[in-house]
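The values are calculated or read from the model by the stated rules, or taken from the named source; none is laboratory data. For clarity, every value in this text was computed on a predicted model and none was experimentally measured. A quick note on method: Cβ atoms are made from the backbone with ideal geometry, for glycine too, and the neighbour counts reach across all protein chains shown. Accessible surface areas use protein heavy atoms only, side chains included; no ligands, DNA or RNA. Shrake-Rupley method; radii C 1.70, N 1.55, O 1.52, S 1.80 Å.
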Amino acid sequence: MSDVPMAVSELLEQAKTLHQQDKLMQAYKCIEKARAIFKQANIADDSIEGLSNAPSATDDEAAAPNEQPLDALTTIVVEDQQLQHITATAEDVEHLLNELASDAGWQLQRQDQQTTTYFKPGHDDNPFVTVRVEGWVDQPLKYILAALYECDYHPEWFPSAFSLGIARSEVLHELKLTKLWTHQHVRLPWPFTDRKMDLLVNGIDCMDVEEPVRRVIIQLKSISSEEDVADLNQAYDRNDLEMPDLDAGAIAIELLRGAFVLTPSSINPSITDHSGTFVQFVASIDAKFDSLPTCAINIGVKKVAHWLVESLAKQAALIPTDERYLQRMEGEHREFYEYIAARMVECGLPAEER
């Protein structure tokens, strides 16, 4: 058993390295492997002394009645900021994918040849309205990613109707190549007050061959409090991040959970009935209405959200001839696109996809 603590330690260090390489789910699998080794060997707390610098709990800090005490490995993960971030983010991703894999609780709102839209209404105990839009986009993955990444162009192509749409979108901070802090000003029709959002946009690489379904996940989550900002300063080793003073008078929207999920058929042998990329968008939103009118839901879900996949497909088709995108690919955002291209080669995407 003396080799087990070393194996656990190595797996946790490997998890941190993979996380730095933007391979979140691989990093999480290392933590899960460490957890399995720990459980199988039934390691006593003192047998992994030195893996954690945290002091032992005192009798006063012992678990309350009916609470399961933490094992030593769980304590290490909880008290290590990077390992905790890996675990929390990966568990959010798993929850998201499970939600997308099931039709339970979803109401079909609209369906046409290209797009299907579902909806989950909020209620008194949960004000979040959840929208799910999905369909196939027959464009190279690199252009779909470019359309989503260049967020200041979003107002040009994101769906809008009856003065409801994105008026402005911008990147406030590049935290890493695939992690952005963005700000959006959402225009609403009279007599409603405009809304605004600050979002953490987190690109998650699930493209390795070991994945049961190979895809890219772009996770979206509100930055809405000083605590959120403090967490980001710590997670990305910054001290300059702060809530922006933008769009005075607009009401902040809270996005509890959101994501784009991009699944290319070319590297998923189980997909045989379609070509291109399966695009899914899901978002749980509290738009901060005391009472959201049914007509507003219908406009927002049926006439705006529903056209998201089609609008994305049209924009992706324009990118190869749009000099603005091409200049960014070769200029200020070259590092990002070179990183994406290299990963696509590693993952075996055909040349036409990358």
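At-a-glance table
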| read-out | value |
| --- | --- |
| Stokes-Einstein translational diffusion, region 174-253 - Kirkwood Rh over all Cα pairs, 1.002 mPa s, 20 °C, in µm²/s | 147 µm²/s |
| For region 175-293, accessible area per residue (1.4 Å probe, heavy atoms of protein chains only), Å² | 47 Å² |
| Along each principal axis, Cα extent of region 90-150, largest first, Å | 41, 32, 22 |
| Region 129-190: equivalent-ellipsoid semi-axes (sqrt of 5 x gyration tensor eigenvalues, Cα, Å) | 21, 18, 11 |
| FRET efficiency, L256 to D112 (Cβ-Cβ, R0 30 Å, nearest 0.05) | 0.60 |
| Entries in K120/K288; K29/K221; K196/K288; K16/K176; K23/K179 that, when Cα-Cα distance is taken, lie over 18 Å | K29/K221 |
